[in-house]
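Bear in mind these aren't lab numbers, they're just calculated from the coordinates by the rules spelled out. Since the structure is predicted, the reported quantities are computational estimates derived from the model, not experimental observations. Note that each Cβ is placed from the backbone with ideal geometry, even for glycine, and that neighbours are counted across all protein chains shown.
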Amino acid sequence: MADVIRLSAVALHCSLSLFAATSISRQPGVSPKFNLDRKSCNLSSSFAGVSLLPSSSRKQFQSFKVHATITETSQPKWWEKNAGPNMIDIHSTEEFLSALNDAGDRLVIVEFYGTWCASCKALFPKLCKTVQDRQEILFLKVDFDENKAMCKSLNIRVLPYFHFYRGAHGQLESFSCSLSKFQKIKDAIELHSQPCDNIGPSKRVGDPTLESVSAPFKTPGESN
């Protein structure tokens, strides 16, 4: 990101130099000294001609500079970063149930987090690495503050908290986990990544609900 910002700054300074030279060349009696064949811009002297600009051009330059500064410094927050197409941000109960339903018998890991949660932030880079390494798994991110009613229904009391699902067939496991105990997540992934050849159709009736998807997952023939 730092390289991109530096590159943007160079491009901005070059553009401003060209803008200044062009404006100066339009003033009677002033000859431009900007070399169009030059392959690089000297950042220390890029703004040398700005003071010579007419008042209207200086106002345009100032507005352009403010906009460029905001663009260069804006970066996504840690929770806004996405590790891949198998990581989905959930914004409502409907989106949550739809994602589980569309997952079929795929393993789904749901992380309940808070933007203010230091433990969630510390854990997130490792979680992103796991997302990239395990493309067959679907990861859902649920912001606690944005989905308080759903989190309350699912009895989420501590963050970060993880739910493991077999699509909409039922919940496999749930637990809290910190960075120091990340191996717990890796062990759960290995345990639940085994293919379920006899999973059969979902036993739910109608559309999935929070109650139906949260019911413990049971393979066919397993006693109630």
- Query: Order of H163, H169 from fewest to most other C-beta atoms within 10 Å?
  - Reply: H163, H169
- Message: Neighbour counts of other C-beta atoms within 10 Å: give me R166, R157 arranged from fewest to most.
- Response: R157, R166
- Query: Taking the Cα centre of the range 119-189 as origin and charging only Cβ (+1 Lys, Arg; -1 Asp, Glu), how large is the dipole, in debye to the nearest 20?
  - Reply: 180 debye
- Would you mind calculating the gained length between F182 and Q75 on full extension (0.36 nm times residue separation, minus the Cα-Cα distance), in nm to one decimal? 35.8 nm
- Query: Within a Cβ distance under 14 Å of M150, other residues only, what is the Lys/Arg minus Asp/Glu net charge?
  - Reply: -4
- Sequence-distant residues sharing a close amide H with L107 (under 5 Å, placed H): L138
